[in-house]
1. Only one of GLN128, GLN169 is polar (S, T, N, Q), assigned to a strand (DSSP E or B), at negative phi and within 16 Å of the ligand (Cβ to nearest atom); which?
2. Quick one: in the stretch 89-143, which of the residues that are closer than 28 Å to ARG189 by Cα and among the hydroxyl-bearing types (Ser, Thr, Tyr) is least open to solvent (accessible area, probe 1.4 Å)?
3. So if I check each of GLY192, GLY223, GLY204, GLY228, which one is closer than 28 Å to PHE148 by Cα and touching a residue at least 12 places away in the same chain (Cβ under 8 Å)?
4. May I ask you to verify whether LEU183 is part of a strand (DSSP E or B), open to solvent by less than 10 Å² (accessible area, probe 1.4 Å), on the phi < 0 side of the Ramachandran plot and within 16 Å of the ligand (Cβ to nearest atom)?
5. Across the stretch 193-217, what is the number of residues that are open to solvent by less than 40 Å² (accessible area, probe 1.4 Å) and part of a helix (DSSP H, G or I)?
6. Looking for whichever is open to solvent by less than 10 Å² (accessible area, probe 1.4 Å), more than 25 Å from VAL48 (Cβ to Cβ) and within 14 Å of the chain's Cα centre (by Cα) here; the options are LEU163, LEU220, LEU190. Which one fits?
7. Could you list, in sequence order, the residues of the stretch 30-49 that are within 15 Å of ARG66 (Cβ to Cβ) and in contact with an Asp or Glu (Cβ under 9 Å, 6 or more places away or on another chain)?
8. List every residue pair whose Cβ atoms sit under 7 Å apart, with the two residues 6 or more apart in sequence or on different chains, where the first one lies in the stretch 55-76 and is β-branched (Val, Ile, Thr) and the second, anywhere, is open to solvent by less than 10 Å² (accessible area, probe 1.4 Å).
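The values are calculated or read from the model by the stated rules, or taken from the named source; none is laboratory data. Owing to the predicted nature of the structure, the values given are computational and were not obtained by experimental measurement. Please note: Cβ atoms are built from the backbone with ideal geometry, for glycine as well, and neighbour counts cover all protein chains shown. Heads up: the accessible areas ignore ligands, DNA and RNA and are worked out on the full protein's heavy atoms, side chains in. Shrake-Rupley method; radii C 1.70, N 1.55, O 1.52, S 1.80 Å.
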Amino acid sequence: MAEVDISRKIEEVRRNVAAAAYRVGREPSEIGIVAVTKSVEVPLLPQVIAAGVRDLGENRAQELIRKYRALTGHGEVAWHFIGHLQRNKVRAILDKVILVHSLDRWALAIELDRQASRWGKPVRVLVQVNVAGEPTKFGLRVEEVRDFVLEAAKMPGLRIEGLMTVAPQVSDPEEVRPVFRRLRELAARLAGIPGATMRYLSMGMSQDYVVAVEEGANLLRIGTAIFGRRGREDLHG
Ligand SMILES: *Cc1c(COP(=O)(O)O)cnc(C)c1O
């Protein structure tokens, strides 16, 4: 994909985000865009950065590490880990990511806490919630989240900063509005837990980010709408 296309696509996403924000009385500037670069090759990435998007997301540790190294020296880039994280990969990505969106199980909380404590700096995380209860998706069930956050917030190596969800794939994004709404309401109910904030709601992807913005998302994870369809389609989540 040519440079002009990527910057045009990013502009288009920004316009849609702004329009959706204004419709519901929000400020577009409070909504962050994470460009999901999975299966996008390194030579294209500086174009994203040139278009003003500095938050990049990967769902595989090896890919993140490879691209992190390749982009060293290309200015400020903030990497987000957005996929299912194996415990044995925690150590390798810890010093490379600004935020892990996908804390989805207790064993991972323990390992993140352990490695971050060793490293001497807490790791910022979002708790992934499987709002629709899909068997194929990772994430806690809605009713498990409160107890999980209460306990994880006590871990010195973890800094819980909000919630993340991957909505079901549907043909009409309106169908997933209730999913986003439930995540926002859940975050509101969890406000005030000591040691945790609910600053970020990471929800909305290429298909459904407009609805997500209307429902309160402030971190969008967008791949296809920026890069087009890629050869290898990873499973979401
Ligand atoms: C791939 C992926 C995205 C981006 O999906 P698009 O539909 O390409 O925008 C967002 N979040 C997660 C967790 C993903 O794996």
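1. After ruling out the rest, the residue left standing is GLN128.
2. It comes out as SER102.
3. On inspection, the qualifying residue turns out to be GLY204.
4. Working: part of a strand (DSSP E or B): no; open to solvent by less than 10 Å² (accessible area, probe 1.4 Å): yes; on the phi < 0 side of the Ramachandran plot: yes; within 16 Å of the ligand (Cβ to nearest atom): yes.
No; evaluated as a whole, the condition is false for this residue.
5. 5
6. Numbers: LEU220 fails: more than 25 Å from VAL48 (Cβ to Cβ); LEU190 fails: within 14 Å of the chain's Cα centre (by Cα).
After ruling out the rest, the residue left standing is LEU163.
7. THR37, LYS38, SER39, LEU44
8. ILE65/ILE93
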